[in-house]
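Rule-based calculations on the coordinates, nothing more; no lab input. Here the structure is a predicted model, which is why all the values come from computation and not from measurement. Because the Cβ atoms are built from the backbone with ideal geometry, glycine has one as well, and the counts that use them run over all protein chains shown.
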Amino acid sequence: MIRLRLNPTPPLLSLLPALALVVVLMEMVPGIHSGGLQSLIAFISAAFHPSMDPSVVSSAWRGLQITMATALLSWVVSTLIGVVLGLASATLIWQTFIGKSWPAILFRRLLAFPRAVHELLWGLLLLQMLGLSPWVAILAITIPYSALVARVLSDQLDSLGARPLIALRQSGARPIQALTTAIVPPMAPVLMSYCGYRLECALRGATLLGVFGLGGLGTDLQLTLQSLQFEQLWTALWMLAAVMVILEQLISWWRQRLRSSGAAPKELLVSVCLMLILGICSSIWLQSLDLDMASSIRWHQLPLPTVSELITAINELPWLQLIFNTLLLTVLAAGIAIGLPPLGMMLWPSQLGRSIQSLLWGFLRLIPTPLAALLLLLNCEPNLAVAALALGAHNLGVMGRLLKEALDQQSDSCYQALKASGAGDRVAWLYGSLSAQSPSYLAYAAYRADVMLRETAVVGMVGGAGLGWQLIESLSSFNWAQVYLLIGVYAMLTMFGEVLSDHCRQLWTGSKKKPVMALALQS
Amino acid sequence: MITRNPRWLLSLIVLFSSFFSSVATSLAEDVLRIGAIPDQNPERLNRLYSLLSTELSKELQIPVRYIAVTNYPAAVSAFRTNSLDLVWFGGLTGVQARLQKPGAKVLAQRDIDVNFRSVFIANTGSGIKQINSLNELSSLRGKRFTFGSESSTSGRLMPQYFLQEAGIKTTEFAGQAPGFSGSHDATLALVQSGSFEAGALNEQVWLSALQTGRADPQRVSLIWRTPAYADYHWLAQGNLDKRFGDGFTNRLKQALLSWDKKSKPQATILDLFGASRFIPALENQYKTIETIGRQLGKIQ
């Protein structure tokens, strides 16, 4: 019997989430007013004359160095630990060595928790244990990122298939030899390309941690915004922009080189050494910035709540409402971030349009979410839609860049063929260009939605009703029972989201294997 | 290739561990670390606290370092974990920090902190009228209302307390919840723009905004001044005498209290603080804040 399964057309599916914008705008537009126009104009005009006051510049420069060194060091450490943990949670490895796969599954389950807690929450918890130390930010990024790298690596390893390995083993190779020969050549380019992206994520993460008081440029961004000193704000923003552009260029250059040279195992070793050197340099860098890396590591007991406090906390908070608001926020933000880049590219396909959109995406990536939220809030009345738009905007910048990069890499033969047969620009782009990329774009999107769920903690203060806001409030009251419960609920939602996004991906792409490019979005 | 792998690994491990041990040997000398809750722009904070560090260092003959913290709870946690020795806290954060770190000493406050006030402001287009008594706060029911930072005494705790005294629950504002703008300046900007119809902030910030023209009387107006309460203060760790010598805490206190406007750097510091001088502060001045904090769930 033949069973047919109906698959929705992927190019349209990737446009569909843009409908969220309609909902958000319907909610937001009645509240838009001209009262914040002055502030908005002041913000924009400040971009053209940022403060050049030496004390502002030097403070931002110092902040930038702290953020960069933190990002670099945590990137190096998390990648190295992640690779080890990734090997430990790959079924393939355990099968080869001991013939059983349960340890891999155990590792995988254990790693789900560190991954499910946002780096910001790790930062706030670690602050309680380590005090003000540069290690707080470094560990806060390293813990979830290692678990992410581990998951991606183990997924890729397990999708390689065991056949080459079995062949090598049967021809008498020892396990370690067989693994090195069977795994390293296909994995090296994937891993190296993915790790490049992780560095970008680490920079974004380190900036965000600063926004929440853990030092670096984010601190300058947040304080200047809160006091509405836009000229000082732009001093910091321009510096961050310069670093982001340089880093993005370097990484795409690196990936291009990998594609053309094919990444031999030798290059893998070279890059591992390079990473180690970078790691050491960045620690020395942090030390030279007067951040004492060694003396400040003192362990403090994390305040633990009693059982009765936990029970009180369970009864105190309106859990269902908090969870519902958080999920609604995630869905709306994800819709905006996923649907708008392809829609924009379809509606404005000319060269000029592309350039303008790229610039806009760059700008959105530059502005950390809490800053976007306050800017929006100055110009419209507060509601969940504002929070969703602020959260969506930053991620839109990330999605746009990835879509464009993926499209630039594919050949435009289908597009040209459709054009030649008389199709209009937009239709040709939709079916000729986007169509081929949509399954993997949707797969990235599923990952990104996951990220946004974790990031709702960041716009908590605008939404005023979700888990994120409640967490900030409980933290500022030092109500540890509530804090632990909220982190637990967040982690559960994220794990649930992960399962759901895995299913969606299988449904849309029809395969268990994750597209290589999609890995980039697991930040 | 394969046989060489372990050697590679070994040399990397050696490299790594030698680095970490070299870092571990550099131990810091005893420095007085000061911090502050971030209630002003970073440029001003940096200017103020680097001046203050220099001045304290000169008078006490010890190295003093300012460590910036960006949010209120982080400042409290930094104090609990001994990362900061002397902190300029708000009323609520000071009490939170003292309860989490028994033995901490309240040293001094500004002359204006004895009788500090919050102000309620409203957008002129909102139609909210002047409030003449506590009970009239009920006219804010159903309005879009914002506080400042979650942990702010003058921007959240005391205003919420007076609202509660007037019988208004925070769930009775538009959207079933008040906003939390994050800072006094942001509260002012958000109310002035009309995004929120009313809000509460620190009176000192309001007055200086009126003076500098940041507050436009055409668009935002004062509707109510709260009764007075004690706010900001300097809080020191309890172990300073042990670390810096007998009587150090007292010398530190006296140094702060001795500052006046005759000396140039001291005058600048006091101006940046918006005060004419520092005066002694006592724990029991903050008893009310503690009671209110417990009542509103901000102190456990």
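Cα centroid separation, the stretch A:33-73 to the stretch B:61-124: 26 Å.
3J(HN,Hα) couplings calculated from phi for the stretch B:177-191 with the Karplus curve 6.51 cos²θ - 1.76 cosθ + 1.60 (θ = phi - 60°) are, in sequence order, 7, x, x, 10, 5, x, 7, 4, 4, 5, 4, 4, 4, 5, 6 Hz; Gly and Pro show x. Estimated translational diffusion coefficient (Stokes-Einstein, Kirkwood radius over Cα pairs, 10 °C, 1.306 mPa s) of the stretch B:145-190: 150 µm² per second. A simple spin-label model places the labels of A:D53 and B:N250 4.0 nm from each other, with each point 7 Å out along Cα-to-Cβ. Computed over the stretch B:35-186, the P(r) tail beyond 25 angstrom holds 40 percent of alpha carbon pairs.
Hydrophobic long helices, here whole DSSP H runs in chain A with Kyte-Doolittle means of at least -1.0 and Cα atoms spread over 27 Å or more along the helix axis, are found at A:54-88, A:134-160, A:175-211, A:230-261, A:265-288, A:319-347, A:384-409, A:435-455, A:480-509. Once you sort the root eigenvalues of the Cα gyration tensor of the stretch A:177-253 as a ≥ b ≥ c, which label holds: rounded (a/c under 1.5), prolate (a/b larger than b/c) or oblate (the other case)? The shape class here is prolate. Spatial offset of the stretch A:357-407 relative to the stretch A:132-157 amounts to 25 Å, using the alpha carbon center of each. Averaging 1/r across all pairs of distinct Cα atoms in the stretch A:156-217 and inverting the result yields a Kirkwood radius of 14.3 Å. Around the amide H of B:A108, modelled in the peptide plane, lie the amide H atoms of B:W234, B:A281, all under 5 Å away and 5 or more residues distant in sequence or on another chain.
What Kirkwood Rh does the stretch A:55-169 have if only Cα atoms enter the pairwise 1/r average? Answer in Å.
Averaging 1/r across every pair of different Cα atoms and inverting gives 15.8 Å.
How much of the calculated P(r) for the stretch A:203-293 lies past 23 Å, in percent of all Cα pairs? That fraction is 43 percent.
Taking a straight Cα-Cα cut-off under 14 Å and skipping sequence neighbours fewer than 8 places away in the same chain, the aspartates and glutamates within cross-link reach of B:K287 are B:D231. Looking at the stretch B:256-291, none of the chymotrypsin sites (Phe, Trp or Tyr not before Pro) sits in a DSSP loop with at most 15 other Cβ atoms within 10 Å of its own Cβ.
When a/c is below 1.5 the answer is rounded, else prolate if a/b is larger than b/c, else oblate, so apply that to the stretch B:118-225 with a ≥ b ≥ c taken from the square roots of the Cα gyration tensor eigenvalues.
On the way: a/c = 1.44, a/b = 1.30, b/c = 1.11.
Because its axes are fairly even, with a/c under 1.5, the stretch B:118-225 counts as rounded.
Summarising the overall dimensions of the stretch A:56-288 from its C-alpha atoms, the Rg and Dmax are 20.0, 70 angstrom. Were the residues from A:L37 through A:H503 laid out at 0.36 nm apart, the gain over their Cα-Cα distance would be 163.3 nm. Using only the Cα atoms of the stretch A:265-368, each taken as one equal point scatterer with no solvent, compute I(q) by the Debye sum, divide by I(0), and report log10 of the ratio at q = 0.12, 0.14, 0.17 Å⁻¹. Normalising to I(0) and taking log10 leaves -1.01, -0.99, -0.93.
What number, in nm² with one decimal, is the all-direction average of the projected area of the convex hull of the alpha-carbon atoms of chain B? Walk me through the numbers before you get to the answer.
Working: hull surface 86.4 nm².
Convex hull of Cα atoms, orientation-averaged projection: 21.6 nm².
Where in chain A is the longest stretch that carries no chymotrypsin sites (Phe, Trp or Tyr not before Pro) classed as loop by DSSP and with at most 12 other Cβ atoms within 10 Å?
Numbers: sites that count: A:F48, A:W299.
With a cap of 12 other Cβ atoms within 10 Å, the longest stretch comes to A:49-298.
Just in the stretch A:72-109: which trypsin sites (Lys or Arg not before Pro) are loop by DSSP and have at most 16 other Cβ atoms within 10 Å? It would help to have the intermediate numbers written out before the result.
Working: sites: A:K100, A:R108, A:R109; in loops: A:K100.
Qualifying residues, ordered by number: A:K100.
Relative contact order, whole percent, for the stretch B:128-256 stands at 25, derived from Cα pairs under 8 Å and 6 or more residues apart.
Solvent-free Debye calculation, one equal scatterer per alpha-carbon of the stretch A:303-453: log10 I(q)/I(0) at 0.14, 0.19, 0.20 Å⁻¹ equals -0.77, -1.13, -1.19. Starting from the Cα of A:Q170, step 7 Å toward the Cβ, then list every residue of the stretch A:77-98 with an amide N under 12 Å from that point. Inside the label zone: nothing.
Pairs of Cα atoms nearer than 8 Å and 6+ residues apart set the relative contact order; for chain A it is 23 percent.
What are the semi-axes of the equivalent ellipsoid for the protein assembly as shown, taken as the square roots of 5 times the Cα gyration tensor eigenvalues, largest first, in whole Å? Display every interim value, and only then the final one.
On the way: eigenvalues 443, 222, 117 Å².
Ellipsoid half-lengths, sorted descending, are 47, 33, 24 Å.
Return the percentage of antiparallel bridges among DSSP beta bridges fully within the protein assembly as shown, rounded to the nearest 5 %. So the antiparallel bridges in the protein assembly as shown amount to around 70 percent. Put simply, the convex hull of the Cα atoms in the stretch A:393-509 casts, on average, a shadow of 9.1 nm².
When the trypsin sites (Lys or Arg not before Pro) in the stretch B:216-260 are filtered for DSSP coil states and for at most 16 other beta-carbon atoms within 10 Å of their beta-carbon, the remaining sites are B:R219.
So what is the 222 nm mean residue ellipticity for chain A from helices alone, if each DSSP H run of at least 4 adds -39500 (n - 2.57) and you divide by all residues, rounding to the nearest 500 deg cm²/dmol?
Details: 24 runs with 401 residues, N = 523.
When only DSSP H runs of four or more count, the value is -25500 deg cm²/dmol.
Among the listed pairs B:K58/B:K261; B:K58/B:K253; A:K100/A:K266; B:K143/B:K298; B:K143/B:K169, which are separated by more than 21 Å between their Cα atoms? Distance filter (> 21 Å) returns A:K100/A:K266; B:K143/B:K298.
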